[in-house]
Amino acid sequence: MESRKFKLQLGKRDLIVETRNLAEQANGSVLVQYGDTMVLATAVMTEQQRQGIDFFPLTVEYEERFYAAGKILGSRFIRRESRPPDEAILTARFIDRAIRPLFPKNLKKEVQVVITCLSWDKENDPDTISLVAASLALAISDIPWSGPIACLRVGKKQELILNPLYSQRKESSLDLTLAATLVASTRKEAILINMIEMEAEEISENEILKATEFAEPELKRLIDFQEEIRKKIGKEKIKIEQPSPDMELEKEIKEFLKDKLEQAIYQTGKIERKQSIHDLKQDLIYFIEGKYPDASKQSFVKDFFEKQIEELIHKNIINPLPGEEKRPDARKLDEIRNIQTEVGLLPRTHGSGFFSRGQTKALSILTLGSPNDVRLLEGMEIVGKKRFMHHYNFPPYSTGEIKPMRGPGRREIGHGMLAEKALLPLIPDFEEFPYTIRIVTEILSSNGSTSMAAISSSCLALMDAGVPIKAPVAGIALGLMQDNSGNYKILTDIQGPEDHHGDMDFKIAGTEKGITAGQMDVKIEGITQEILKKVLEQGRKARLEILSKMKNTLEKPRPVLSPFAPRIYSLQINPTKIREVIGPGGKIINGIIKECEVSIDIEDTGKVFVTAEKEESAKKAIDWIKNIVREVIVGELFQGEVKRILDFGAFVEILPGQEGLVHISELAPFRVNKVQDIVKIGDIVSVKVISVDEQGRINLSIKQTKE
């Protein structure tokens, strides 16, 4: 491929796209640079179709490289990247959700998109340009794909900011990432939003709409820019063979199914529905196998069966007969399933919350730890500490299945982080509540929107533990059914078949005041501003309803912490005294920890945190530390232990870790020839402080205590 360079000014910085013959064996590859952040995106498709699968085999990988940030990280023994960090996994999921809907539905060839961050300038986040790079790699390749996709970030301080820098995002009340496509209609070209990732500080729905409207012109410019590149250097797309419709077979399948399909789908219970659909599908396969031994016919049957389910669910929601508008479980379009909430289920944990919505059930367990229990972060973009963590588990029994029990997969990491983002704005600041907080959500039963259930159960666990959160938070998932004519209906609280066969999954979390997190992905090209507005309105109504149900169980955080949670006590010492508390090689502080059975954390500012299970243990440690850092006053009297003896005097420990010198001349009211004649190591003696010099050295006297 000929080397070409293209440039577009975007948010006061240049987006530079370069096509060079680097990954020449990939179907498509590009270098994309924004500021000094640069990524390489490649797209590869196999020549052969995968046989016997009923899904599109797409994999997306986002690779962080420590060299991109000028760092040498990792284990001392293996100085290289290993398992991708959660942040990289989330970026890969983010890209996957945006590009996946634009592949042909019947594509069964494996496609892999790999984005590698080659350079990071500490100002521009690689995630948005990585999606643009993936879009370009696919657009200029011969892989069938109906992009391109634009991706931008919107922040808000006093004003909306396009593609804010990291420093601007820290002060922003909104972090909204949008991906969009451009679709030509009969009247005009319309921007359709096909992916949203959002975290906010209780932002109103109107502010979200203003942010998306603000981004639309720039999204269009970015799509037009990619289209120009595609037209100039793009390869001709490989044609995917479309099997000619077998009208006779379709007719036989429809005749066989008749009313059976509707009876199987429209059952209240998930287990019964799942079993009925499975049994009907198997009956259909046996019926067709008996008439057509050809394996290709049987593969067609499975695909057509799923298509019939999708069409039936859409029809009964979008274009039902008068009075027959219905969802699979007979709910109204904006109706939430039955909600049950409970707190304090587990007897010895620091906090627990249970949230049930229909057959979706989540149990969250909270643990409070010391400041030292923070998670240490070490990655390309992030090096630091994390004091609030939410982890999400999705065991196989939650769906009535048997699967290997392994570590968390991408889905678990993504759902856990979404809930964490929703809860984080409500967590008290470290100065107010210096605990490390970890919540684990166990999904006990799954039938749609478990991540949103995790938010509600986690909120209940926080309040049950007595964590002073700013306000209760809840989440809800909304869906969309849309036909080819643009008619649509929005569904509140989607479950299994509505999620699987629907066109959108929009998760919205927040408080009574506003939104704290959101995430949207679609199976169609995208949604309009009109749909987005209605979804946000319907989501707010549902969120408030869930919050009211949660308040019936626990309205606000308990006034005191759980009796099983550790207590943290703090004191301020002079920063110059930190070294004395720690002692040589940590001898002093480790002695306090062992003797008092506590945990001690000291900040550079001199702030000391003592964490203990028992109050008396903490008090003992605090008194010990206070004595170490206490500044003695001339004239004070102490009982001290003789620690060392030299020719010119004896050193006496008057406070833990603080010694003073009793000069030989101050041992007795008469001349002393030898120090050992008066004191020996281990003796307890009365001493008086007679001076403290500029270097903090303490001079003591034994003889003056008798005056």
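When the Cα gyration tensor is reduced to axis lengths a ≥ b ≥ c, the ratio a/c is 1.5 or higher for region 567-629, and with a/b not above b/c it is classed as oblate. The label point for D623 and the one for E262, both projected 7 Å from the Cα toward the Cβ, are 8.1 nm apart.
Label region 1-116 by shape, choosing from rounded, prolate and oblate, from the square roots a ≥ b ≥ c of the eigenvalues of the Cα gyration tensor; if a/c is under 1.5 it is rounded, and otherwise prolate applies when a/b is larger than b/c, oblate when it is not. In terms of gyration-tensor shape, oblate.
Explain nothing, just the number: relative contact order of region 399-523, from Cα pairs under 8 Å at least 6 residues apart, as a whole percent. Relative CO of region 399-523 lands at 24 percent. Of interest is the spacing of the C-alpha centroids, which for region 362-393 and region 427-466 amounts to 12 Å. Look at the Cα gyration tensor of region 205-331: its axes a ≥ b ≥ c give a/c of at least 1.5 with a/b at or below b/c, and that counts as oblate. Centre-to-centre, using Cα atoms only, region 132-206 and region 50-94 are separated by 23 Å. Please give the net charge around I546, taking every other residue with its beta carbon less than 12 angstrom from that of I546, where Lys and Arg add +1 and Asp and Glu add -1. Here the count lands on +4.
Taking K and R as +1 and D and E as -1, what net charge do the other residues with C-beta under 11 Å from the C-beta of Q33 add up to? Cβ neighbours under 11 Å give a net charge of -1.
Most tightly packed first, judged by the mean number of other beta-carbon atoms within 10 Å of their residues, the peptides 457-463, 82-88 read 457-463, 82-88. From the coordinates of this entry, Rg/Rh (Cα atoms, Kirkwood Rh) is computed, and it appears in [x] 0.95; [y] 0.99; [z] 1.11 under the label [z].
When only Cα pairs below 8 angstrom with a gap of at least 6 residues are kept, the chain shows a relative contact order of 10 percent. With runs of 4+ DSSP H residues as the only contributors, calculate the mean residue ellipticity of the chain at 222 nm using -39,500 (n - 2.57) per run, divided by the residue total and rounded to the nearest 500. About -10000 deg cm²/dmol. Each peptide in 380-392, 471-483, 276-288 was scored by the mean count of other Cβ atoms within 10 Å over its residues; highest first, the order is 471-483, 380-392, 276-288. Shown is the FRET efficiency for K231 and N487, computed with R0 = 35 Å from the Cβ-Cβ distance and rounded to the nearest 0.05: 0.55. In region 305-401, Cα pairs under 8 Å separated by at least six residues give a relative contact order of 12 percent. By the combined test of axial Cα extent (at least 24 Å) and Kyte-Doolittle hydropathy (mean at least -1.0), the qualifying DSSP H helices of the chain come to 205-233, 270-291, 295-318, 529-553. What pairs from K260/K307; K470/K556; K643/K680; K105/K291; K421/K513; K7/K232 go past 18 Å between their alpha carbons? Violating the 18 Å limit, Cα to Cα: K105/K291.
List the pairs from K385/K534; K122/K220; K315/K361; K170/K614 whose alpha-carbon separation is above 32 Å, in the order I gave them. Violating the 32 Å Cα-Cα cut-off are K385/K534; K170/K614. Scoring 661-667, 53-59 by mean Cβ neighbours within 10 Å over their residues and listing the highest first yields 661-667, 53-59. Between L73 and Q168, the modelled labels are 2.5 nm apart [label points 7 Å from Cα along Cα→Cβ]. Give me the net charge of A419's neighbourhood, meaning all other residues with Cβ under 12 Å from the Cβ of A419; Lys, Arg count +1, Asp, Glu -1. Its environment carries a net charge of -1.
Averaging the Cα positions of each part gives two centres, and for region 541-567 and region 599-630 these lie 31 Å apart. Once the Cα-Cα distance is subtracted from the 0.36 nm per residue extended length, the K7 to F430 segment shows a gain of 147.9 nm.
Here, each number is a calculation from the coordinates, and none is a lab measurement. All values reported here derive from a predicted model rather than from experimental measurement. Reconstructed Cβ throughout: ideal geometry from the backbone, glycine too, with neighbour counts over all protein chains shown.
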